[in-house]
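These notes are about the structure you will find just below.
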Amino acid sequence: MKKRVILSGYYGLGNGGDEALLATLLQMLPSHVTPVVLSGNPQETALRYGVETYQRKNFSQVIKALHSCDVFIWGGGSLIQDVTSLISPFYYGGLMILARIMGLKTIAWGQGIGPLKYLPTQLLARTNFASCAKVSVRDRSSSSLLSNWHIPHILAPDPVWALASQPVAELANLPKPRIAVTLRSHPQLTPDILANLTHALRNLQTATQAFLLLLPFQKSHDLEIAETIKSQLNDHSQIICLEDPQLLKGAFRHVNMVIGMRLHSLIMAASEGCRCFAISYDPKINRLMEDLHIPGWDLIDIPQDVNIISQTWIEYYQKGEILSHQKIQTLVNDAFLHQQLLEDI
């Protein structure tokens, strides 16, 4: 008999990284499981993945979905943090409490926990993780937090390392070499800083003769910035919007270097053998930089001198090392440890 499993995450909201987590989770689920997804855009999610869906913020639909399922899964990413949103940990934490009250087995899969600045969210997180039948996390900081709380868990690389990628047909005839850029809106990404970065990208393009791929990971946050940059570049560049996460990952094939703010743009690029230069706005990106020795700057520490920015990028493009095939394969293999949580559902 098939078990019905409800998947809860930041799904159906146009974020490429979270869609990649959903695609990976669906890829890892056992064949005897029927997935049911809570989504911000149920029709789109159902069409893309061929799954049963419910509106994530419609309480009656959520209750209906929970009533029909046996297992509840927190489906990856930075769901439990209170820095960008105080609502987020209470929404996801509340859903898990509700699922537990209704008798569902609960699992936390591929989590990146924190930052948690406030005592109420810390207590909520600790209670929920402690109540889970199984837990996996994607970084050492999250693992350390759970260890301090004496909560058993699996530590493995971000699940998206294990996502199967697909080639993007429209890229086949674009010029090489290629550099990809994935910037997102942020209060600290001021117009002056964006102007300096754009100027530095022009210098980088001139020095390398590279074709620039501007890849918005979330149109609502990234597209306007991509369009602003594109308006200042020559025709040797293109904005490409990809909704399918396997295609989004595949877009980094045959790309020489990525300059990325998005965590999953860096993971996808590194997994496809691309040099990565990070611009960090969040501790999760700094953790990845430390783990993989990725160079970059915190957003607030970007040099004011355009020449320093462009020269740093040029030197890294020319001399920077990519991850070895062996290292990439190890990360991919280890990411499948998250699948162990799902085997006995």
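The values are calculated or read from the model by the stated rules, or taken from the named source; none is laboratory data. Small disclaimer: the values here were computed from a predicted structure and weren't measured. Glycine gets a Cβ as well: all are built from the backbone with ideal geometry, and neighbour counts include every protein chain shown.
I'd like the residue in the stretch 202-213 that is assigned to a helix (DSSP H, G or I) and aliphatic (A, V, I, L, M) and, out of all such residues, is surrounded by the most Cβ atoms within 10 Å (Cβ to Cβ).
Once the filter is applied, the top-ranked residue is L204.
Are any of the residues in the stretch 173-183 surrounded by 18 or more Cβ atoms within 10 Å (Cβ to Cβ), of a type in the set (G, A, S) and part of a helix (DSSP H, G or I)?
The answer is no; no qualifying residue exists.
So which residues in the stretch 263-308 are over 21 Å from A162 (Cβ atoms) and touching a His at 6+ places or on another chain (Cβ under 8 Å)?
Y281, L299, V306
Report whether or not W161 is over 18 Å from S271 (Cα atoms) and at pLDDT 95 or above.
no
Within the stretch 102-146, track down each residue that is part of a loop (DSSP other than H, G, I, E, B) and either in contact with a Pro (Cβ under 7 Å, 6 or more places away or on another chain) or over 23 Å from N286 (Cβ atoms) (or both).
Across the stretch 102-146, the qualifying residues are M102, G103, L104, P115, C132, A133, R138.
Go through H186, H199 for me and flag whichever is outside any loop (DSSP other than H, G, I, E, B) and within 20 Å of A278 (Cβ to Cβ).
The unique qualifying residue is H199.
If only one of F72, F59 is farther than 23 Å from D344 by Cβ and assigned by TED's automatic domain parsing to the domain that holds P120, which one is it?
F59
Please determine, by comparing only the residues of the stretch 123-156 that are of a type in the set (S, T, Y) and buried (at least 21 other Cβ atoms within 10 Å of the Cβ), which one is farthest from M289 (Cα to Cα).
Checked the stretch 123-156; the qualifying residue farthest from M289 (Cα to Cα) is S136.
Given the structure, is S165 of a type in the set (S, T, N, Q) and not in a helix (DSSP H, G or I)?
yes
Residues that are in contact with a helix residue (DSSP H, G or I) (Cβ under 8 Å, 6 or more places away or on another chain), of a type in the set (D, E, K, R) and surrounded by 15 or more Cβ atoms within 10 Å (Cβ to Cβ), at least 2 per element: which helices (runs of 4 or more DSSP H) completely within the stretch 231-345 meet that?
283-292
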